[in-house]
1. Quick check: from the Cα gyration tensor, does segment 1-76 come out rounded (a/c under 1.5), prolate or oblate?
2. In degrees from 0 to 90, rounded to the nearest 10, what is the angle of the helix 213-226 Cα long axis to the longest principal axis of the chain?
3. Taking only DSSP H segments of four or more residues, each worth -39500 (n - 2.57), what value at 222 nm results for the chain once the sum is divided by all its residues, to the nearest 500 deg cm²/dmol?
4. May I ask you to give the percent of accessible area on the chain that is carbon plus sulfur, with a probe radius of 1.4 Å?
5. Tell me the angle of helix 152-171 to the major Cα principal axis of the chain, expressed in degrees between 0 and 90 and rounded to the nearest ten.
6. With everything on Cα atoms, drop me the angle between helix 114-130 and the longest principal axis of the chain, reported from 0 to 90° to the nearest 10.
7. Taking all pairs of distinct Cα atoms, average 1/r, flip it, and tell me the Kirkwood hydrodynamic radius of segment 34-99 in Å to one decimal place.
8. For the ranges 175-188, 103-116, what's the packing order if you count other beta-carbon atoms within 10 Å of each residue, average per peptide, and put the highest first?
Amino acid sequence: MTNSARTAVIVGVGPGLGMSMASRWGREGFRVALVSRSDARHGAYLADLAAQGIDATAHTADVTDPDRLTEVLDAISTSGNVEFVYYGPGPTQLPVPIAEIDVAIARSAFDWVWPAVHVVGAVLPGMLERGTGGLVFAGGLSSVRPMPMLGQLALAAAALRNYALTLNAALADRNIYAGTLTIGGLVERGDIHAMVTADPVKYGAAEGHTLDPDRIAETGWRMYETRERAEAVFDALGR
């Protein structure tokens, strides 16, 4: 492997959208580097991608550990130019209703945003030097629609969305793309979808509220390729 190899880094990979993004970019000839906080499913992920003829590696890093995250991104970049990054980790906090949050709770929600900035800081200099690259972030529908039940998480979702859109405005004339996939619904094959469908009495029926991760990934690819828009909204929740 030489440093001329194009690499797509999938940060926060899971069985739903993360793997769909890995497959979509892999089919375009990218070498794929998976990053997640546990290696428990890496073997299955790599076997799935190998069956599709996709060259892939897997790496373990919790995005809230900046030193480990830097170490992993540096290791990935030694095997090929990082031409694309998908940032998809979801918040791990439970939401507190918006009328009940205090400053500490609000501040803690941004633990989901800072790693995204860290990742960009690690890969963007190389992209700018080469004059090519792309960044796509996965966010939530609460960034564009008031959803009081999501409390402090809505603040972070809005910040991440704005970060992506502002990056796009800042980088477009330098041939670097940034965009956001704003997602409202249960992503099929994902962990939350599995949890909800396993206990519909507790969580309610998933029917009519699901999203196809392959369709989202295809949209993400078209956005990256055409660079005609910086956001796509997927809403299976209604109003």
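1. oblate
2. 50
3. After summing the helix terms and dividing by residue count, I get -13000 deg cm²/dmol.
4. Its accessible area is 54 percent carbon and sulfur atoms.
5. 30
6. That helix lies at roughly 30 degrees to the long axis.
7. 13.8
8. 175-188, 103-116
The values are calculated or read from the model by the stated rules, or taken from the named source; none is laboratory data. Quick caveat: nothing in here was measured; it's all calculated off a predicted structure. Every residue, glycine among them, receives a Cβ derived from its backbone with ideal geometry; neighbour counts consider all protein chains shown. For accessibility, only protein heavy atoms count, side chains too; no ligands or nucleic acids. Shrake-Rupley method; radii C 1.70, N 1.55, O 1.52, S 1.80 Å.
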